1. Touching a strand residue (DSSP E or B) at 6+ places or on another chain (Cβ under 7 Å) and in contact (Cβ under 8 Å) with a residue 60 or more places away in the chain: which single residue out of Tyr345, Tyr279 fits that description?
2. I'm trying to understand the selection: among the residues of the stretch 131-151, which are without any contact (Cβ under 8 Å) to a residue 60 or more places away in the chain and either part of a helix (DSSP H, G or I) or closer than 15 Å to Thr266 by Cβ (or both)?
3. Considering Glu331, Glu341, Glu294, which residue is open to solvent by 60 Å² or more (accessible area, probe 1.4 Å) and of a type in the set (Asp, Glu)?
4. List the number of the failed condition for Glu323; all other conditions in (1) at pLDDT 95 or above; (2) of a type in the set (Asp, Glu); (3) in contact with a Ser or Thr (Cβ under 8 Å, 6 or more places away or on another chain) hold.
5. Can you tell me which of Met281, Met320, Met332 is assigned to a strand (DSSP E or B) and either among the aliphatic types (A, V, I, L, M) or out of contact with any Cys (no Cβ under 6 Å at 6 or more places or on another chain) (or both)?
6. Could you run through the stretch 79-125 and say how many residues are among the β-branched types (Val, Ile, Thr), touching a helix residue (DSSP H, G or I) at 6+ places or on another chain (Cβ under 8 Å) and either assigned to a loop (DSSP other than H, G, I, E, B) or free of Cβ contacts under 8 Å to residues at least 24 places away in the same chain (or both)?
7. When you scan the stretch 248-271, do you find a residue that is at pLDDT 95 or above and in a loop (DSSP other than H, G, I, E, B), even just one?
8. Going through Ile215, Ile244 one at a time, which residue ends up being open to solvent by less than 40 Å² (accessible area, probe 1.4 Å), aliphatic (A, V, I, L, M) and closer than 14 Å to Ile283 by Cα?
Amino acid sequence: MSFDLTNDTHRRYNPLNRTWVLCSPHRTQRPWQGQQEKVSQEKKPEYDTNCYLCPGNTRAHGDKNPEYTSTFVFRNDFAALRPDQPSANHVMDDDLLRVQGVRGDCLVVCFSPRHDLTMAEMDVDTILGVIQQWTQCYRDMTAKDYINYVQIFENKGSAMGCSNPHPHGQMWCMERIPIEPQRELDSLNAYRDTHHGRCLLCDYANRELKEKERIVVENDSFMVIVPFWAVWPFETLVLAKTHIQCLSKMTDDQQRDLADVLRRITCRYDNLFECPFPYSMGIHQSPVRGNHDEAHLHIHFYPPLLRSATVRKFLVGFEMLGEPQRDITPEMAAEKLREQEDVHYKHRSS
């Protein structure tokens with residue numbers, strides 16, 4: 001009897017963070033009697049007088065937004081990181097209790113002046129403007145000697161804790177490299193040391209390009225895959241096909257190609273269950289300081305929906321106490337996403 005990845009329980013290794021995920025594909029047939037989410041199909045206005053991110057509106061601290069027409073960046077009014085604070089040296093520093101002070105800055109990036117759009121409904125030129133804004137902010141942080149890492153992310157949907165539906169993301173610019181990017185940099189370095197200087201993600205990209213089984217969409221510069229080691233049901237990885245370290249190293253053509261695949265994957269997410277598909281998205285790239293040849297630009301999408309617009313995946317029980325687990329295989333998920341159109345479900349009849 002031969003082992004069947006589509007039916008037999010197995011673990012898959014994630015070389016990026018050197019962890020495992022348990023796969024139980026036979027469990028896709030189990031009935032669901034758990035929590036079901038409410039799906040909001042409420043039509044949003046192009047401009048909302050009560051939205052603190054819309055052009056011309058006043059934010060909580062009294063600052064007024066300009067009448068912006070493309071992207072708009074401002075310092076987060078409730079920032080988790082501050083540029084000026086006392087040193088934490090010698091506060092707690094032993095084998096059990098340790099403290100590190102962290103300086104930084106938090107920026108909000110509004111993707112569009114329109115309140116009613118998401119990235120899935122934007123055109124390539126609009127998303128290109130967002131990428132150019134991310135890139136400029138990343139470059140700007142190199143002038144601040146206490147900033148070492150820029151974590152760019154977007155939380156879409158109330159299920160992901162997003163407090164405002166206006167299309168926007170954040171940039172947390174930190175003195176310390178956060179845990180997840182550091183784990184990946186360590187793994188990339190270790191792989192390079194044991195594979196004659198080769199890049200883990202370059203090798204992985206070439207492997208996926210040969211097999212094609214987990215690729216959802218691709219163009220000349222980027223591909224979107226459901227990674228072999230995915231934890232979330234429809235998790236994807238946007239991966240540069242060549243070794244690009246960070247946003248500021250991209251050519252104009254690569255920036256446009258990135259905008260293209262971001263539009264296509266977010267559109268397909270929405271089309272999958274014909275709903276505004278929630279997710280957390282984050283860019284991992286080179287730190288702003290130091291030589292990091294090992295870094296390879298990539299973007300993680302972590303969406304929680306499992307079976308429909310109303311059934312989501314929870315990381316609880318065994319997943320919190322043991323290790324991550326999934327039912328639908330990455331290959332099944334990739335196939336379902338490939339089947340979706342690049343035309344948003346709200347606009348198919350127009």
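The values are calculated or read from the model by the stated rules, or taken from the named source; none is laboratory data. Fair warning: this is a prediction, and the values are worked out from it, not measured in the lab. No Cβ is skipped: glycine too gets one built from the backbone with ideal geometry, and neighbour counts run over all protein chains shown. The area values use the complete protein model at the heavy-atom level, side chains included, leaving out ligands, DNA and RNA. Shrake-Rupley method; radii C 1.70, N 1.55, O 1.52, S 1.80 Å.
1. Numbers: Tyr345 fails: touching a strand residue (DSSP E or B) at 6+ places or on another chain (Cβ under 7 Å).
Result of the check over Tyr345, Tyr279: Tyr279.
2. Matches in the stretch 131-151: Gln136, Asp140.
3. Working: Glu331 fails: open to solvent by 60 Å² or more (accessible area, probe 1.4 Å); Glu294 fails: open to solvent by 60 Å² or more (accessible area, probe 1.4 Å).
Checking each option against the conditions leaves just Glu341.
4. (1)
5. Values: Met320 fails: assigned to a strand (DSSP E or B); Met332 fails: assigned to a strand (DSSP E or B).
The match here is Met281.
6. Here is the first cut: in the stretch 79-125, the ones among the β-branched types (Val, Ile, Thr) are 91, 99, 102, 108-109, 118, 124.
Cutting the leftovers down to touching a helix residue (DSSP H, G or I) at 6+ places or on another chain (Cβ under 8 Å) gives us 109, 118, 124.
From the residues that got through so far, the ones that are either assigned to a loop (DSSP other than H, G, I, E, B) or free of Cβ contacts under 8 Å to residues at least 24 places away in the same chain (or both) too are 118.
Here the count works out to 1.
7. Within the stretch 248-271, one or more residues are at pLDDT 95 or above and in a loop (DSSP other than H, G, I, E, B).
8. Values: Ile215 fails: closer than 14 Å to Ile283 by Cα.
When all the criteria are applied, what remains is Ile244.
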